[in-house]
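For reference, the structure discussed in these notes is given below.
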Amino acid sequence: MTGVLFRTWEAPAATREWPDVATVADHVGVEHLVVTRHALVRQVLADQQTYRPDNALDAMTPVPVAALRILTRHGFRLPPTLANNGHPSHPAIRAIVAEALHPRRVEEQRAWLTAVVRERVGRLAADLDQGRPVDLYAELAADLPLLVLARLVALPDADAAVVKEFTRAALELFWAPVALDRQLALAEIVGRFHAVLREFAKDGPGMVADLRAHAESPDIVVGALFFLLVAGQETTSQFLTLLLHRLAGEPAVLDGLRAGTVAVDDVVEEGLRLVPPIVTWRRVTSRDTVLGGTPVARGTSVVLWLAQAGRDASVVPDPDEFRPGQRGSRRHLAFGAGAHRCVGAQLSRMEASVVVAETARLLAGAEVVRPPWCPDNLSFRMPDAFVVRRRAVRRCQEASSAQTRQSSSTP
């Protein structure tokens with residue numbers, strides 16, 4: 001069961017018979033109440049008084065003193081701001097971030113992003129035509145959301161590779177089962193960039209200035225930046241990679257996209273339902289309650305299995321099939337629900353729609369060389385690569401090799 005908790009994306013069909021709620025112990029013996037059904041997950045997300053977000057960023061592996069010292073040396077502090085804020089300060093902070101990511105401002109980036117993606121896809125297609133494999137994560141999806149976010153929100157002047165190292169380290173430090181030596185390395189990466197965020201929060205413009213004017217403490221500004229960099233770009237680059245991988249195995253959907261008989265937006269929603277980058281999320285009970293007929297004590301960690309809720313047969317008729325536009329497809333909970341619903345939902349959707357529209361033709365002629373691999377993690381997929389090559393090139397190479405072997409064996 002512990003293994004399932006950190007790899008909840010691997011066998012969703014095999015877990016169909018899970019009860020509505022189940023108690024599962026993690027790798028350090030802490031018990032969590034896992035909620036699997038769509039209606040119950042939505043019920044928890046809607047009730048912020050009973051199921052509070054306070055534990056959303058708690059480290060799954062307790063941070064040892066040695067790692068805490070590293071974080072403290074860098075001035076690391078993470079007060080409640082967005083995902084883990086159940087206090088009255090949350091709506092005002094959320095409103096400032098939401099304005100920066102307003103759907104109108106997001107839509108204004110579509111033309112620019114389309115040009116960027118089209119140029120990259122053209123370059124990747126040329127490489128494939130030359131028989132070279134390409135990594136669609138590293139060469140297409142990894143930094144796209146960060147580039148878009150930087151056009152919407154003023155960010156510290158740092159290389160994309162540095163930001164990506166920080167965000168992935170944060171996801172591992174707080175949400176993964178981690179050995180001590182790895183915790184120390186992650187604490188150094190996270191702490192070092194947190195110091196950069198703290199300096200930027202002092203006089204950064206735009207959204208940061210608005211937060212600074214409202215917040216009682218600079219830590220609030222830093223905390224908002226911290227989570228925005230994780231939720232505002234890292235999760236989307238992961239989703240793009242996972243969606244492209246799924247589409248590579250859906251030739252009928254790719255044909256429909258190219259023919260115009262399958263809507264791009266329907267593909268994105270079905271992808272969010274089937275391969276969400278955030279597979280679980282946490283809440284903690286503030287009082288004794290009952291959930292789905294199960295008594296739940298105050299202080300219980302509740303793990304909401306968002307990915308499993310998206311495959312609930314009571315909501316979607318074909319839960320494991322990739323059928324864009326099917327009834328219930330858009331009722332997924334990939335962005336959560338309620339007061340803490342993802343403030344960047346429209347940004348992620350826009351980015352995914354551009355990438356799907358521009359890569360359908362590329363994927364139709366490609367085969368997977370190396371599928372994405374994801375490390376153990378409670379909530380995030382974190383794919384590391386997605387390598388494809390042109391299918392026709394492989395056939396030609398195999399035919400040529402066979403001809404060579406035949407020639408060499410002829411007397």
Residue identified as of a type in the set (A, V, I, L, M, F, W, C), within 30 Å of Val303 (Cα to Cα) and in a helix (DSSP H, G or I) among Val163, Val117, Val121:
Val163
Among the numbered criteria (1) at pLDDT 95 or above; (2) within 21 Å of the chain's Cα centre (by Cα), which single criterion is violated by Leu82?
(1)
Of all residues in the stretch 42-70, which are surrounded by 16 or more Cβ atoms within 10 Å (Cβ to Cβ) and farther than 18 Å from Asn84 by Cβ?
Arg42, Gln43, Ala67, Ile70
Within the stretch 270-281, can one find any residue that is within 18 Å of Pro19 (Cα to Cα), out of contact with any Gly (no Cβ under 8 Å at 6 or more places or on another chain), at pLDDT 95 or above and crowded, with 22+ Cβ neighbours inside 10 Å?
yes
Pairing a residue in the stretch 221-248 that is touching a residue at least 40 places away in the same chain (Cβ under 8 Å) with any residue that is among the hydroxyl-bearing types (Ser, Thr, Tyr) and assigned to a helix (DSSP H, G or I), where Cβ atoms lie under 7 Å and the two sit 6 or more apart in sequence or on different chains, gives Leu229/Thr167; Val230/Thr167; Glu234/Thr167; Thr236/Ser348; Phe239/Ser348; Thr241/Tyr137; Leu244/Thr359
What are the residues in the stretch 38-83 that are of a type in the set (D, E, K, R) and not in a helix (DSSP H, G or I), if any?
Asp47, Arg52, Asp54, Asp58, Arg77
Is it true that some residue in the stretch 173-184 is in contact with a strand residue (DSSP E or B) (Cβ under 9 Å, 6 or more places away or on another chain), touching a residue at least 40 places away in the same chain (Cβ under 8 Å) and not aromatic (Phe, Trp, Tyr)?
yes
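In this structure, is Ala126 aliphatic (A, V, I, L, M) and surrounded by fewer than 19 Cβ atoms within 10 Å (Cβ to Cβ)?
Yes.
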Is it fair to say Val316 is of a type in the set (A, V, I, L, M, F, W, C) and assigned to a loop (DSSP other than H, G, I, E, B)?
yes
Might you let me know whether the stretch 240-260 holds any residue that is assigned to a helix (DSSP H, G or I), closer than 14 Å to Gly336 by Cβ and within 11 Å of the chain's Cα centre (by Cα)?
no
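The values are calculated or read from the model by the stated rules, or taken from the named source; none is laboratory data. Bear in mind the structure is a predicted one, so any value in this text is a computation, not a measurement. Cβ sites come from the backbone with ideal geometry, for glycine too, and all protein chains shown count toward neighbours.
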